[in-house]
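The values are calculated or read from the model by the stated rules, or taken from the named source; none is laboratory data. Computed from a prediction, not measured in an experiment: that's the story for all the values here. Quick reminder, even Gly has a Cβ in these numbers, built from the backbone with ideal geometry, and neighbours come from all protein chains shown.
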Ligand SMILES: [Zn+2]
Ligand SMILES: [Zn+2]
């Protein structure tokens, strides 16, 4: 049994109708939440690493500076994951594994702060991250400087297209990270190349960390995808919609599972921050 703590690493501000089709026009705070997981045998594990101050230096050069204009950032150094862990008396060396759901900058920026941890990532995501550069990278939400290249060779890669673990209703087969059923990784295609979610067996019940498989809990409840404009920057719009529908069907089939989209305002509000 795991324990899970969700931490806010900062936010960007985006128009609500972009996040969810049919929303009233207003600016929406889009927090980047990460999971701090404690495993009885494998110690500390992170699910994503959120924003970190280095995203500002990484987005200094063109064309990456456009990232800041597209998603205006509201960061505070104390919210950087490494600093939040330090406040809990946790050093970076104590983190054994970092699961990167996908390589978008708001999930990756903190990775370099945990140099000793094993990066767990989908093979497809890693391949895209190593191939894309310049405008092509930016169009996909990647900032290449945030991916520490020296970590790539030691990464634990997950073959998302060939998973053999027990299937979840509607969401398909899984990869049992530690072989004990505590963390099952699964594919959430469409939003970004090789996006993974994770089903955790926690002391508070099962939790599905859904990364950006959906941006909000409401989008899952109501089956509302992002605006069509977002199609320009996602990997596969059709797959994105299919994943949203599968999450919706999964939520109905498994009401015992808490589904956590990483940027959901309801989840953020539940943190009491
Ligand atoms: Zn994303
Ligand atoms: Zn994101």
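Observations
- Within region 32-47, the presence of a residue that is in contact with a helix residue (DSSP H, G or I) (Cβ under 8 Å, 6 or more places away or on another chain) and not in a strand (DSSP E or B) is excluded.
- Some residue of region 241-261 being in contact with a helix residue (DSSP H, G or I) (Cβ under 7 Å, 6 or more places away or on another chain) and more than 24 Å from residue 50 (Cβ to Cβ): yes
- Check on residue 40, surrounded by fewer than 19 Cβ atoms within 10 Å (Cβ to Cβ), within 24 Å of residue 121 (Cα to Cα) and more than 19 Å from the chain's Cα centre (by Cα): yes
- Considering residues of region 135-150 that are part of a helix (DSSP H, G or I), within 16 Å of ligand 2 (Cβ to nearest atom) and modelled with pLDDT under 95 only, the residue surrounded by the fewest Cβ atoms within 10 Å (Cβ to Cβ): 139
- Screening the candidates 104, 97 for the property of being at pLDDT 95 or above and either on the phi > 0 side of the Ramachandran plot or away from ligand 1 (no atom under 16 Å from the Cβ) (or both) yields one hit, 97.
- Matching entry among 34, 14 (being closer than 15 Å to residue 200 by Cβ, within 14 Å of ligand 2 (Cβ to nearest atom) and surrounded by 19 or more Cβ atoms within 10 Å (Cβ to Cβ)): 34
- Residues that are surrounded by fewer than 24 Cβ atoms within 10 Å (Cβ to Cβ), within 17 Å of residue 45 (Cα to Cα) and either within 14 Å of ligand 2 (Cβ to nearest atom) or under 11 Å from the mean Cα position of the chain (by Cα) (or both), drawn from region 193-219: none
- Some residue of region 113-122 being free of Cβ contacts under 8 Å to residues at least 60 places away in the same chain, away from ligand 1 (no atom under 16 Å from the Cβ) and part of a strand (DSSP E or B): yes
- Scanning region 173-192 for residues that are within 16 Å of ligand 1 (Cβ to nearest atom) and surrounded by fewer than 23 Cβ atoms within 10 Å (Cβ to Cβ) turns up just one, 190.
- Filtered by the rule that a residue be touching a strand residue (DSSP E or B) at 6+ places or on another chain (Cβ under 9 Å), part of a loop (DSSP other than H, G, I, E, B), within 15 Å of residue 242 (Cα to Cα) and away from ligand 1 (no atom under 14 Å from the Cβ), region 193-226 gives no residues.
- Residue 170 vs. criteria loosely packed, with under 14 Cβ neighbours inside 10 Å and more than 16 Å from ligand 2 (Cβ to nearest atom): no
- For region 87-112, taking the residues that are within 16 Å of ligand 2 (Cβ to nearest atom) and part of a helix (DSSP H, G or I), the one that is surrounded by the fewest Cβ atoms within 10 Å (Cβ to Cβ) is identified as 111.
- Residue that is touching a residue at least 60 places away in the same chain (Cβ under 8 Å), away from ligand 2 (no atom under 16 Å from the Cβ), within 27 Å of residue 14 (Cβ to Cβ) and in contact with a strand residue (DSSP E or B) (Cβ under 7 Å, 6 or more places away or on another chain), where the choices are 185, 271: 271
- All positions within region 228-263 that are within 14 Å of residue 18 (Cα to Cα), touching a residue at least 60 places away in the same chain (Cβ under 8 Å) and buried (at least 17 other Cβ atoms within 10 Å of the Cβ): 230, 263
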